[in-house]
Every structure is written in C-alpha cells, then in structure tokens.
1. What does the convex hull of the Cα atoms come to per residue for the stretch 67-204, in Å³?
2. Can you tell me, using C-alpha contacts under 8 Å and at least 6 residues apart, the relative contact order of the stretch 145-216 as a whole percent?
3. On a 1.4 Å probe surface of the protein chains, which of 298, 108 comes out largest in accessible area, and what is the full order?
4. What figure in square angstrom, to the nearest 10, would you give for the accessible area of residue 324 with a 1.4 Å probe?
5. Just the number, please: percent antiparallel of the DSSP beta bridges in the chain, rounded to the nearest 5.
6. Tell me, rounded to the nearest percent, the portion of alpha carbon pairs in the chain spaced more than 30 Å apart.
7. What accessible area, in Å² to the nearest ten, does a 1.4 Å probe give for residue 246?
8. Given contacts defined as C-alpha pairs under 8 Å and at least six residues apart, what's the relative contact order of the chain, whole-number percent?
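The values are calculated or read from the model by the stated rules, or taken from the named source; none is laboratory data. Note that the structure is a prediction, hence the values are computed from the model and not measured. Cβ: placed from backbone, ideal geometry, glycine included. Neighbour counts: every protein chain shown. To get the accessible areas, we keep the full protein, side chains included, count just its heavy atoms, and leave off ligands, DNA and RNA. Shrake-Rupley method; radii C 1.70, N 1.55, O 1.52, S 1.80 Å.
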Amino acid sequence: MSNARTFPSLSERPNKFGCYEIRWSQRGPNGEWRSMRRSTKTGDRSKAESKLAEFITIKDIKKKQKSITVDEACEFYIEQYSLPRRNDRTDRFCLRAPREAFGKWQAHTVTDEDVDAYIRRRMNGAYGKSKVKPATVRRELNAFQAALNFASSKNRIAGKPAFRFSKPQDGPRRDKWLTEKQVAIVKDNLGKADLDVRIFIKLALTYAVRVGAIKELRFEDQVNFLTGSIDFNVPGRRVNRKRRPIVPMTESIRGDLEEAFKGHRPGTRILPYNVDRKYQAFMKSLGLEWATAHVLKHTAITSMLINGTKPEDVATLTNTDLRTIMTVYRHYTMDELRNIAEGRGI
C-alpha cells in the first residue's frame with residue numbers, strides 16, 4: 001500500500017468552530033486519494049502555524065515508523081488480552097467481519113470515514129451471508145476499536161493513535177419476557193428436567209443473572225455452603241460495567257447445589273459449559289423455544305417489579321443500575337397506568 005500524500009497546509013480561514021484546519025490528501029489502502037483534515041484547535045493564525053509545523057514533523061516520524069496490519073493487531077489483542085481472560089472465542093467472532101474488511105490495511109491508516117463506509121456495507125449484507133442489525137455492527141466495532149487501542153497502547157501501531165469510532169444507534173429493544181402463566185409452566189415441569197437445567201433455570205429466575213455468570217460459577221470459590229452465599233464474580237477478574245451480584249442461597253437452590261456437589265471436586269464448575277443447549281432443548285419441549293436464556297433474566301426482573309418489589313430492592317439484589325431497571329425492565333400494566341391516569345383527578 002502506498003503512503004503517498006500531498007504536503008499539509010493551513011486553511012485560509014477558520015472553520016465554523018473558529019479554528020484553523022490542517023488539510024492534506026493521501027492515498028488510501030486501495031490507491032484512491034482521500035481528502036484529510038485536522039483541527040488545530042485555535043483561531044490564532046500564528047499558533048495554528050506552529051501546530052502545522054509540529055504536525056508535519058510528527059507525520060514524517062510516523063512515516064518512517066513501522067506499523068502492523070489490522071490482522072496482526074487483532075491477533076495480538078486476542079493472544080495478549082482476550083485469551084488469558086477466556087474471551088477469545090467471543091472476540092474472534094466479533095472481529096471476523098472487521099478483519100475481512102480491513103485485515104490487510106496498515107492499522108494506523110483506518111479512519112472514521114473508512115469505518116462509516118464499513119457500517120453502511122455491513123448493514124447491507126457485506127462480509128457475511130445476510131444483512132445485520134445495528135446492534136451487531138456495534139458489537140463488532142466495539143471489539144475492533146478495543147483491539148486497535150490495545151495494540152496502540154503496546155507501541156505496535158505507528159504514532160500510538162487513539163481510535164474512537166462512531167457506531168450505529170442500537171435498534172429498538174427486544175421486549176421479551178415470560179408471562180406469569182408461562183413461568184408457572186416452566187416451574188411445573190422442572191422436576192422432569194436434568195439437575196443441570198434445573199439449577200440453571202432456578203439461578204436465572206431467582207437472581208436475574210446472565211448466562212455467562214451462571215456458567216462460570218465454581219464450587220467453594222464462589223458457591224459457599226458455610227455462609228450460604230453465591231458470589232457470581234470470578235475471583236481475580238477485573239470488574240466491568242456488567243456487574244455481578246453476591247446473593248444468599250434459597251433453600252431450594254441450596255438443595256440442588258448440594259446434590260450437584262456430590263460428584264464434583266472443589267474448584268470445578270457447577271454446570272457443564274453446554275448447559276444452555278440443554279436448556280434450549282427443555283424449553284422447546286414446553287413450546288417456549290423462543291425464550292432464550294437471556295429472556296430468563298428479563299423475566300426475573302420484570303416479575304419482581306410487576307409483583308410489587310421496589311425498584312431499589314430489585315437493583316440491590318441483582319446488582320443492576322437503578323436507571324437500567326427503570327428504563328429496560330420496568331413494564332407498566334394497564335391497571336397501573338389506569339391508576340396513574342385516575343390519580344390526575346381530571
């Protein structure tokens with residue numbers, strides 16, 4: 001790929017924000033010329049000229065530096081960051097389409113305009129078998145941005161740039177949860193399910209935890225029979241924005257966990273990693289195959305709220321932000337809305 005570019009110059013007038021811009025053109029990865037610009041963040045002409053001189057010097061240094069391709073940056077990220085944290089399968093999946101689009105590019109040449117074009121093509125079915133939703137593209141770009149920034153922070157990308165891509169807005173939230181009648185059907189048939197599936201469903205419907213948190217639970221490290229508590233946080237792992245709760249065992253769940261522990265050693269997982277597949281088969285047998293494992297989390301919080309549990313208490317039990325409880329999981333019934341309307345006194 002050619003890195004040829006025109007010599008950078010200063011704009012004649014400030015832009016609409018009152019700042020002079022540095023403007024130049026350079027060849028893209030496919031040989032096409034692209035117009036580039038960067039704000040000097042000043043409306044003082046002399047200061048802007050100083051910024052231009054500094055920019056030219058930095059660009060010359062970057063030109064001489066060696067950089068890695070996007071493929072190399074992504075593989076470095078997976079091996080050094082994702083793999084030790086056992087997130088490599090997810091990241092490999094999310095990075096597949098971006099790597100197909102940008103894999104051979106020099107990592108430091110990827111711009112916001114390139115990513116915007118990727119978004120349009122991806123949502124129209126490129127780099128895959130069919131069109132995808134904004135949420136899918138958003139997940140892919142989050143992983144792509146993280147991979148490039150990680151490689152840049154480790155001095156693997158020329159100039160150590162910081163990548164911050166604009167991402168498509170998420171589509172409308174999927175409003176799915178089991179009704180009280182459907183929950184009753186699940187509970188009535190739990191006795192017919194394998195112990196693994198029974199524990200999985202009880203944990204999800206009681207504590208509203210995500211699939212990954214349940215599948216990663218280990219005996220004694222997180223399931224403490226002495227204190228009667230379950231800590232869904234993996235020991236030693238950095239806590240991220242998807243917080244996990246520490247909860248007390250119910251009598252029913254404790255009984256199932258003690259039964260499961262009979263065939264396990266301390267430190268082993270309480271459930272097989274393919275338990276979600278067994279769960280799907282069980283739900284299909286009840287005619288509820290649409291109810292994914294994540295629907296159980298949504299169902300648990302929605303049921304708590306509909307049955308009168310205070311949102312603050314739900315947030316405390318599930319370790320979920322109160323704003324998320326109110327905006328994502330709070331569904332008003334017609335009776336509640338009627339009472340609110342009647343309370344207006346008109």
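1. It comes to 148 Å³ per residue, whole-number rounded.
2. Across the stretch 145-216, relative contact order equals 15 percent.
3. Values: 298 15, 108 60 Å².
Correct descending sequence by accessible area is 108, 298.
4. Rounded to the nearest 10, that gives 50 Å².
5. The answer is about 95 percent antiparallel.
6. Tail fraction, whole percent: 54.
7. Only protein atoms counted, so the area is about 120 Å².
8. On the way: 426 pairs, mean separation 39.8, N = 346.
RCO, the chain: 12 percent.
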